[in-house]
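What follows is a set of notes on a single structure, which appears directly below.
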Amino acid sequence: MNEVRVRFPPSPTGYLHIGGARTAIYNWLFARKHNGKLILRIEDTDAERSTQESIEGIIDGLTWLGIDWDEGPYFQSEHAAEHQAAAERLLATGHAYKCFCTKEELEAKREAARAAKTGDYRYDKTCRRLSPEEVAAKEAAGLPYVVRFKVPEEAGGVRFHDVVYGDIERAYDDIEDFVIVRSNGRPLYLLCNVVDDIRDRITHIIRGQDGLVNTPRQILLYRALGAEPPVFAHMPLTLDTKKRKISKRTHGEVVAVQYYREIGFLPWALVNFLVLLGWSPGDDREIFSREELIEAFSLERINRANSVFNYQKGDPKFITDPKALTINAHYLRAMPVAELAPLVEKELRKAGIWKEDWGENGKERAWFLRVIDLIRSRFHTLKDFATLGRAYFDDEFEIEAKAIKKNLAKHPQLKEWLPELADRLAAVEPFTAENIENTLRRFAEEKGAKPGVPINGLRTVVTGRLAGPGIFDVILAVGKERTVARLRRAPALFV
Ligand code: GLU
C-alpha cells in the first residue's frame, strides 16, 4: 500500500460532537496503524455558519482526547480559487454545463412530476441540450446560471466497493445532473470536498454512513477530474435507544466532547468508549491501551449495524451511557495513583477544597495519595472525588438522605451511642486498624447490638455515604481527630 493518508474534515458550525470525535478516532487509528498521515481539514466553505469559536472548540477537543494529526489544520476556504478552477475545467472538458433554468421553472416541473406521480423528480436536462449558440446568447443576456455535472447517459452505473458496506452500485439513471456551482458562482461542498481530497492525496475516506449518499456523485467527480477515487469506508450511525440520531437538539450536552471533560472523564476512557460504538476487535476485549487499540484496529471490523448510545434523557441517574462510565471507572481504578493525583487536585481546586499540604512536596502528600487510592474503587468520574469523596477532604459535606434514613433514623439509640463511641475512639492509642476494630466490636457487644449498627452509623456520619471502603481504612484515612469530632456532632442528625 502507498502511504496511507486520511483526513478528518469537520465543518466548524458547532461543538465537537462525540460522533465527529469517533470519526476522527477511526481515521487516527487507521493512520497510526499504517504509519500514515492524518490530515485535519476545516471545511469552512459555508462562511455564514462557520465560526472561530467552533474551530477552536474542535481543535481543543481533539487535543484533549489525544488525537494528534500530522498535517493541518488546512482551511477549505483558502482553496476557493482551486475549487472554482476545477469547475471551469469540468465545463471545458465537457463534463459539466451551464443551466439557466430558473427556480420557478424547476419548481413547476417538480410540481408537474408530483401530480403525474412519476416517481422522484430529477432535472430533465433541458439545458444539457442547449446549443453553444443558445448558451452564448443566454450568457450575453446576463441570465444567471448554475453549473451542473453531466451524469453519463449510457446504461450501467457507478460501482464501488465500500470496505464496510460491500459492493454498491448506483444506476446513472438514478443520479440527477447535480449542481456543482451555485448561481452566485460558489462551488458546492460536494465538489470542494473532492478537490481537496485529491490535492491532499487522500487514500481512504472513513466517514459516517450519512456520507454514503454522496459517494456515487463524488466518484463521478473524481473520474471527470482525472483522479483515481480513494477507498471508501462508511461507519454505522450511532442512534439512541429509540433509534433517533444523537444530537444536541434532542439529547443536549451529553453529545458534546466538552461535556465529558467537564464531568470528569479521562480522555482515553472516552476514546475507548467511542471506538466501541461501531467497531469491535472480534473478541470480547473492551479495554485497550493506545498501543493495543492501534494494533487491533481495522476497517474490516467496523460493524454495519448501527450502534446504540444508551442514554436516557431526563433520568438523573444517566449522566451518560453507563458503559462509558464503567470504562471511565476502570481507568480511574487502574491508572497509577501518581498520574491520577494531579487530576484529582484539579477537581478539588475547582471545588475550593484543595490544600497545599497535599501537593507534590507537601507534608501530607503520602496521606493524599493513600486516600485517592482508597476511595477511587467506587468512583466513576473525577468529579466524584470532590462530591462523593468530599468528606475525606473537607469538613463541610452533605450526608446522603438514604444513608440517614437507613443507617441513623432506623436506630434512634445511635443518637446517644455515637458520641459515646467518639469518647472510646478518642482514647484509642495507638490508633491502628486493629485497635479500632477491637474498640468497635467491644462497643457493639456491650450494647448488645450487631456490629453493623454502630459501624454503619459511623460510616454515615464520618463519610456522608451509605457505602464505601472498609470502615477501618476509612477511619484511618479520615483520622482520629476528625472522626471523633464528626461522631460528637452526630446527635444533630436525629430529629
Ligand atoms: N465536512 C463534512 C462533515 O462535517 C465532511 C464529510 C466527509 O467526510 O466527506 O460532514
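The values are calculated or read from the model by the stated rules, or taken from the named source; none is laboratory data. These figures come from a predicted structure and were not determined experimentally. Every residue, glycine as well, gets a Cβ built from its backbone with ideal geometry; the counts of neighbours run over all protein chains shown.
Structural remarks
- Hits in the range 33-46 (condition: under 26 Å from residue 187 (Cβ atoms), touching a residue at least 40 places away in the same chain (Cβ under 8 Å) and more than 10 Å from the ligand (Cβ to nearest atom)): 39
- The condition of being away from the ligand (no atom under 14 Å from the Cβ) and modelled with pLDDT of 95 or more does not hold for residue 108.
- Looking only at the range 204-230, and only at residues there that are hydrophobic (A, V, I, L, M, F, W, C) and touching a helix residue (DSSP H, G or I) at 6+ places or on another chain (Cβ under 8 Å), the one that is farthest from the ligand (Cβ to nearest atom): 224
- The single condition among (1) more than 13 Å from residue 148 (Cα to Cα); (2) within 14 Å of the ligand (Cβ to nearest atom); (3) surrounded by fewer than 21 Cβ atoms within 10 Å (Cβ to Cβ) that residue 240 does not satisfy is (2).
Okay, residues lined up against (1) more than 13 Å from residue 460 (Cβ to Cβ); (2) in contact (Cβ under 8 Å) with a residue 60 or more places away in the chain:
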residue	(1), (2)
398	no, yes
401	no, no
407	no, no
411	no, no
415	no, yes
431	yes, no
435	yes, no
441	yes, no
447	yes, no
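- Within the range 197-234, the set of residues being free of Cβ contacts under 8 Å to residues at least 12 places away in the same chain and not in a loop (DSSP other than H, G, I, E, B) comprises just one member, 223.
- Selected residue [touching a residue at least 12 places away in the same chain (Cβ under 8 Å), of a type in the set (A, V, I, L, M, F, W, C), more than 16 Å from the ligand (Cβ to nearest atom) and at negative phi] from 8, 75, 100, 30: 100
- Counting residues in the range 31-44 that are assigned to a helix (DSSP H, G or I), surrounded by 22 or more Cβ atoms within 10 Å (Cβ to Cβ) and not polar (S, T, N, Q) gives one or more.
- Helices (runs of 4 or more DSSP H) contained entirely in the range 266-372, each with at least 1 residues that are free of Cβ contacts under 8 Å to residues at least 24 places away in the same chain: 290-296, 322-334, 337-350
- Any chance residue 177 is in contact (Cβ under 8 Å) with a residue 24 or more places away in the chain and either within 16 Å of the ligand (Cβ to nearest atom) or among the hydroxyl-bearing types (Ser, Thr, Tyr) (or both): no
- Unique match (being surrounded by 15 or more Cβ atoms within 10 Å (Cβ to Cβ), at pLDDT 95 or above and more than 45 Å from the chain's Cα centre (by Cα)) among 418, 476: 418
- Matching residues, the range 11-27, being in a helix (DSSP H, G or I) and either away from the ligand (no atom under 15 Å from the Cβ) or of a type in the set (Val, Ile, Thr) (or both): 18, 23, 25
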